[in-house]
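Student: Pasting in a structure now, in structure tokens, and then I'll have a few things to ask.
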């Protein structure tokens, strides 16, 4: 089944066309790496799919046109892990993660036992139960990132959009975070779309990569098809070599231009 | 569609997590503070009343004992002046504190106070117009609060219209700036009217500094429905304020209609504030100092902060009123002077203590 489908999706911010005519189909359960240079429109594309910015064209989630879904229903289909999540320092880990239940609550916003059980199980799964009473202000960067992922999972949405999920993490924590997401994807049939700057890391986890430049999809396919020296040189204006590590492509910076 | 994250159907072995809400310890402390303030408010004043006599008088009122030990004058002072004034102080203080906490949450601005969107400047203009141009007999009790309420509500409506017309409804900074502009404009008009009518200068000035009237139960009856209604709306939506504290975009991604929720909360907080300002004048600082002190001490989410703010704000203003009534007795200090004079240094103390404790 197709989890996300867009047709002629365009977003204008101010007077600038930031996303242009994007047609995309993401099957359920796929891990898509969304890449592109700064300002290519990655974040805006994710926000349009999540309904957080006005757009032209259409977005369909699991076959239902997104504009027919209420905000609540959309939030049950799709969760967002933003690039720089706001983590109020006074909230405890439990309180913050429980906020992920918002689209499941009744009009008075009472959290039921079911909501608390769901939050507890996600915290247990992400090995955060020991931190449940700590306030967000006292967490390390890696712990905070896991807590934000926990909040998105508690939403019980089958699509998770991640904007630079590992930007603030060291290489060990980057790998742990992505391994965790990959495991959860397998366990729960999640569809993941992650915008990432680290091309090598993205290539190790994504089954499919989409390269955006100036709001257009300029390459779409398996990592080894998208990450070519010529393509990256052109769209990133970067000098790189593409090598293979453990049967996966890796992008390495180089001070010499590749030979044509 | 099946839920995406297939959670284990068996109940978890551990105790489920929960939000703290109001911690019992803090609820007891805040309640005790309010009760002590109310007792001090009833007993303090030029006429000293004995606590036991007051209790017996109350029991007599309830018909539980036959007669009150107090004389007729004392009875009148207690039940027609002091108790209504203490209740009024509690309502105004609670309203300003919970409205301040609401504004801070809705506008993501720790320095937001209930006067942020121009309600104070508008109410000031309304009151000045009433004092300057209405016939004496009318201005006094009946129409001054009404004029102040109308002015405050009008100023906020203008602010909201300007904030919306910029077309960036989600940008809270626009509303804050519009509030600054509207407040300056209304203050300018108010100052002009005041200069044109210098004979009423003192009356206008003392209204602006804030004073609780000793007008018996009539103001309580007028104010109570607004405070109860506004507080009820805010408390029903207190969890949404925690969601809004994640920022507008994240709140929207969690399914919250940010624009509508913000409007509802702002209307509730503003109506309550305008009603409080209408009977008491402009009492500074309560809306900022009370929520921040609670947050520094109890470190709580909005779910806990909002009810605690109401209770502590009520007690705080009753105490401030005791000082306003007794410090220069029989003259009265403007209560706004008291709240700023004692509130400011106390807040600095709390701030320093907490910083010291954390470093």
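Student: Working only within region A:165-195, note down all residues that are within 14 Å of chain B (Cβ to nearest Cβ) and part of a helix (DSSP H, G or I).
Tutor: Within region A:165-195, A:180, A:181, A:183, A:184, A:185, A:186, A:187, A:188 meet the criteria.
Student: To continue, here is another question. Tally the residues that are within 7 Å of another protein chain (Cβ to nearest Cβ) and within 18 Å of residue A:2 (Cα to Cα), restricting the search to region A:75-88.
Tutor: Of the residues in that region, 1 qualify.
Student: Any residue that is over 19 Å from residue A:161 (Cβ atoms), within 14 Å of another protein chain (Cβ to nearest Cβ), at pLDDT below 95 and part of a strand (DSSP E or B) - is there at least one of those in region A:17-24?
Tutor: So far as region A:17-24 goes, no, none of its residues is over 19 Å from residue A:161 (Cβ atoms), within 14 Å of another protein chain (Cβ to nearest Cβ), at pLDDT below 95 and part of a strand (DSSP E or B).
Student: What about residue B:199, is it within 13 Å of chain A (Cβ to nearest Cβ) and either modelled with pLDDT of 90 or more or on the phi < 0 side of the Ramachandran plot (or both)? Outline the logic, then answer.
Tutor: Details: within 13 Å of chain A (Cβ to nearest Cβ): no; either modelled with pLDDT of 90 or more or on the phi < 0 side of the Ramachandran plot (or both): yes.
No; evaluated as a whole, the condition is false for this residue.
Student: Filter region A:98-110 down to residues that are facing another protein chain (nearest Cβ under 7 Å) and part of a loop (DSSP other than H, G, I, E, B), then give me how many there are.
Tutor: 2
Student: Hey, another quick one. Just the residues that are on the phi < 0 side of the Ramachandran plot and either crowded, with 24+ Cβ neighbours inside 10 Å or part of a strand (DSSP E or B) (or both), please, taken from region A:56-73.
Tutor: A:56, A:58, A:59, A:60, A:61, A:64, A:65 - these are the residues of region A:56-73 that are on the phi < 0 side of the Ramachandran plot and either crowded, with 24+ Cβ neighbours inside 10 Å or part of a strand (DSSP E or B) (or both).
Student: Which of the helices (runs of 4 or more DSSP H) contained wholly in region B:241-325 include at least 1 residues that are within 24 Å of residue B:26 (Cβ to Cβ), at pLDDT below 90 and under 12 Å from the mean Cα position of the chain (by Cα)?
Tutor: B:286-298
Student: Follow-up. Would you check which residues across region A:97-113 are modelled with pLDDT of 90 or more and in contact with a helix residue (DSSP H, G or I) (Cβ under 6 Å, 6 or more places away or on another chain) and list them?
Tutor: A:97, A:98, A:99, A:100, A:101, A:102, A:103, listed by residue number.
Student: Return yes when residue A:113 is surrounded by fewer than 21 Cβ atoms within 10 Å (Cβ to Cβ) and more than 8 Å from chain B (Cβ to nearest Cβ) and no when it is not. Before the answer, list the steps.
Tutor: Values: surrounded by fewer than 21 Cβ atoms within 10 Å (Cβ to Cβ): yes; more than 8 Å from chain B (Cβ to nearest Cβ): no.
For residue A:113, the condition - surrounded by fewer than 21 Cβ atoms within 10 Å (Cβ to Cβ) and more than 8 Å from chain B (Cβ to nearest Cβ) - is not met.
The values are calculated or read from the model by the stated rules, or taken from the named source; none is laboratory data. Since we're looking at a predicted model, the values are computed, not measured. Cβ coordinates were reconstructed from backbone atoms using ideal geometry, including for glycine residues, and neighbour counts include every protein chain displayed.
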